[in-house]
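Inspection log for the structure reproduced underneath, given as structure tokens.
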Amino acid sequence: VFGFRGFPPPPLRFRTRYFWNTFFSTRASCLSISHNSDRLTSLRGTATLNTMPEDTKQVEKNIARVQELLAEIARGNPKGYVDGISEDFVGTIMSGIVPGGESIKGKEGMMAFFENSSKVVEVLKFEAVDWCGKGDNVYFTVNWEFIYKPTQQFVKTTGNVRKVLKNNLICEKYHLINADAIKKTKADPRPESNIKLVQDAVGEYMKGNPAGYVAAYEL
């Protein structure tokens, strides 16, 4: 049985070893295939779950809802945004920059945040990009440009945002930026000195001293 092209069969001990090695090797391969098949089935199930039409539609609906509420802020209507959050809302927004931003609770807390933020930053640009979502979560990035009022410095930075929605309302919000880097910006003394320079020059001109006005341009 074990002969090959007229060659004599190998000794019995080699035939026995070959049989058991083949048996266990084949069985191990079958078990490996079986386990891999189960894993593939599990992964296939997960993939199907992630791309279910119902889940995709909910994510798209949540993203559209957040964009709708952000548009209220852009229109200068923060109350319109607050109307879209839940009564038990909690969040952390621009912590370390805006007082109270590390812990915001409820609608009143959100309105207080808007009031405090206007005292600290003058927003020049708020661009939300890279939208995505999973389940009740919506994620995006914000390209920020603003004047940080404590130092009167122009700041260009990015923020990472996660919002959680339930029943078409935002119940959690986390908007994180690099507060330490922003606070390290130093006030530029030149704007005030330039204003005073122009005021002095105009004062000289009004006194009937055009030479004093011209001299200001030579500084």
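Just so you know, all these numbers are worked out from the coordinates, no wet-lab data involved. Everything quoted here is computed from the prediction, not taken from an experiment. No Cβ is skipped: glycine too gets one built from the backbone with ideal geometry, and neighbour counts run over all protein chains shown.
Key figures
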quantity: Dipole magnitude of region 72-219 about its Cα centre (Cβ charges: Lys, Arg +1; Asp, Glu -1), debye to nearest 20; calculated: 160
quantity: Rounded to whole Hz, the Karplus (6.51, -1.76, 1.60) HN-Hα couplings of region 100-114, x for glycine and proline; calculated: x, x, 6, 8, 10, 9, x, 5, 5, x, 5, 5, 5, 4, 4
quantity: Spatially proximal aspartates and glutamates relative to K183 (Cα-Cα < 18 Å; intrachain offsets below 8 disregarded); calculated: E102, E122, E145
quantity: Whole-Å distance, taken between Cα centres, linking region 83-132 and region 155-188; calculated: 8
quantity: Furthest towards positive pole of dipole, V123, N137, T151, structure part region 109-186, Cβ charges; calculated: T151
quantity: Amide H contacts under 5 Å for I170, placed H, 5+ residues apart; calculated: I85, S86
quantity: Counted charge near V164, where neighbours are those whose Cβ lies closer than 9 Å (Asp, Glu -1; Lys, Arg +1); calculated: +2
quantity: Label-point gap, in nm, between Q58 and K156 - each point 7 angstrom along Cα→Cβ; calculated: 4.0
quantity: For region 52-173, with +1 on Lys and Arg beta carbons and -1 on Asp and Glu, the positive-most of I97, N160, I73 along the dipole; calculated: I97
quantity: Too-long pairs where the Cα-Cα distance tops 26 Å, listed order kept, from K107/K156; K79/K173; K163/K184; K105/K184; K61/K173; calculated: K107/K156; K163/K184; K105/K184
